[in-house]
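Rule-based calculations on the coordinates, nothing more; no lab input. Quick caveat, the model's predicted, so the values are computed rather than measured. As a convention, Cβ positions derive from the backbone with ideal geometry for all residues, glycine included, and neighbour counts pool all protein chains shown.
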Amino acid sequence: MHKPIVEIIVGLFVLAGLSALLFQSFRVGNLNGQAVVDPYTVRAYFDNIGGLKVRAPVTMAGVDIGRISSISLDPSSYRAVVELSVSGEYRNLPIDTSAAINTQGLLGEQYISLEPGGDPTYLKDGDRIKLTQSAIVLENMIGQFLFGNKGE
Amino acid sequence: MTAVLRITGALSLGLMAVLGRAVILLMHMLRHSHVVVKRFPLFVQQLYAIGVLTLPIIIVAAIFVGMVLGLQGYNTLVDYGAESSLGLLVALSLTRELGPVLGALLFAGRAGAALTAEIGLMKATEQLAGMEMMAVDPIYRILAPRFLAGVLALPLLVALFNVVGIYGGHVVGVEMLGINASAYWSGMQQGVDFYNDVLNGVVKSFVFGFVISWIAVFQGYDASPTSEGVSRATTMTVVASSLLVLGLDFVLTSLMF
């Protein structure tokens, strides 16, 4: 009844199932989240973040350098507070770096693009990016366009 | 009028009685769940019969499901120039819905029906009564290991189903239709969340495994000890567990997502 071969096959089956679970966790889902190495956090305030989501990429010159770690609303100024976790590899970002919310393609996901300034001092952990450019809301733009034309 | 009332009443009472017996059996099986530790070889034997022997049908089905998803998804997405999201589409459909549900339906047909037939025949040939005569509790010796093996086997099978399906989509999308392989995988990794998608799929498959094994074991144990009774019990297992899986899937999905 309890042949060792059966036990070996069952062991293989269980291991295969568990490794399939691990595969799903790491290769399919992003449990380790392409983790940002040795991150430091900077904050940026936006008037409107459009459809920006947590875990969206942070880029500079098109290169992926971090992730958005949290998005919240500042209750006193009613502006969106976005926390960017930037890879420790890029610690030498000038303090007057500006952040803009851009869209990948016409209908793609939104992400934050950083534009370096020229100040010799660098952003530190917990610093705030002062120059920000809100998301472009397509509907508002169309509205402005129509309204502007009527005015003329 | 009274006839209608009588039939309704009799049906409800019958249903309640069946549900009551099923819950009592479940409690007995859970009380005996230490059989997994005490009689480990029995459990392994059942894991082989229920899990390993269901593996071929799961793998073959998963390959084709993944390939069809790849093909259909590609044809739809290419109209919007979004064929690079194919990996995401395949992985999300599999981990959230198709893996647990199709896996469970195949499991009900292959393993559930076999369980009911086996236990029902044991009852019809009075093997269970014979065990009781020898002071061996059939719930402990026969039912509990089968039930628990079923509960454990389905999540493992579904995990394999998902992975094989994703590779099936990879074969069609990347190797036949020429989507960039890294776009296939990175789109998947960006869109699939571990807790929301993968873990909820695992929870679903646990629930389905529990329900199917419970129904299968109960139907076998509760079957009338005739060849007709066993055949009816086997049919009931497949029908009831398939319907319950589909219904529960809706409930679980609305709770989870």
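For segment B:41-56 versus segment B:176-253, the inter-centroid distance based on Cα atoms is 17 Å. With R₀ fixed at 51 Å, the C-beta to C-beta distance from B:N196 to B:S231 puts the FRET efficiency at about 0.75.
Starting from the Cα of A:T41, move 7 Å in the Cα-to-Cβ direction to define the label point; list residues of segment A:128-142 whose amide nitrogen is under 13 Å from there. The answer is A:128, whose backbone nitrogens lie closer than 13 Å to the label point. Quick one: angle between helix B:2-31 and the longest Cα principal axis of chain B, in degrees between 0 and 90, rounded to 10, please. Relative to chain B, helix B:2-31 is tipped by roughly 80 degrees.
Beyond 38 Å, what share of the Cα-Cα pairs of the protein assembly as shown is found? Please give it as a whole percent.
Values: 34545 of 83436 pairs.
Of all Cα-Cα distances in the protein assembly as shown, 41 percent exceed 38 Å.
Shown in residue order for segment A:7-23 are the 3J(HN,Hα) couplings computed by the Karplus curve 6.51 cos²θ - 1.76 cosθ + 1.60 at θ = phi - 60°: 5, 5, 5, 5, x, 4, 4, 5, 5, 4, x, 5, 5, 5, 5, 4, 4 Hz (x for Gly and Pro). Overall shape: oblate for segment B:13-65, with the ratio a/c of the largest to smallest alpha carbon gyration tensor axis at 1.5 or above and b/c at least equal to a/b. Once the Cα atoms of helix B:181-191 and of chain B are each reduced to a long axis, what angle between those two axes, in degrees from 0 to 90 to the nearest 10, is obtained? For helix B:181-191, the angle is close to 60 degrees. Could you run the Debye sum over the Cα atoms of chain B, one equal point scatterer each and no solvent, and tell me log10 of I(q)/I(0) at q = 0.07, 0.09, 0.16 Å⁻¹, two decimals? Once normalised to I(0) and log-transformed, intensities are -0.31, -0.48, -1.10. Extending 7 Å from Cα along the Cβ direction at A:E7 and again at A:S134 yields two label points whose distance is 6.9 nm. With R₀ fixed at 22 Å, the C-beta to C-beta distance from A:I142 to A:T103 puts the FRET efficiency at about 0.90.
Taking the Cα atoms of segment A:1-127, the ratio Rg/Rh between the radius of gyration and the Kirkwood radius comes to 1.24.
The B:L11 and B:V78 beta-carbon pair, evaluated with R₀ = 56 Å, returns a calculated FRET efficiency of approximately 0.60.
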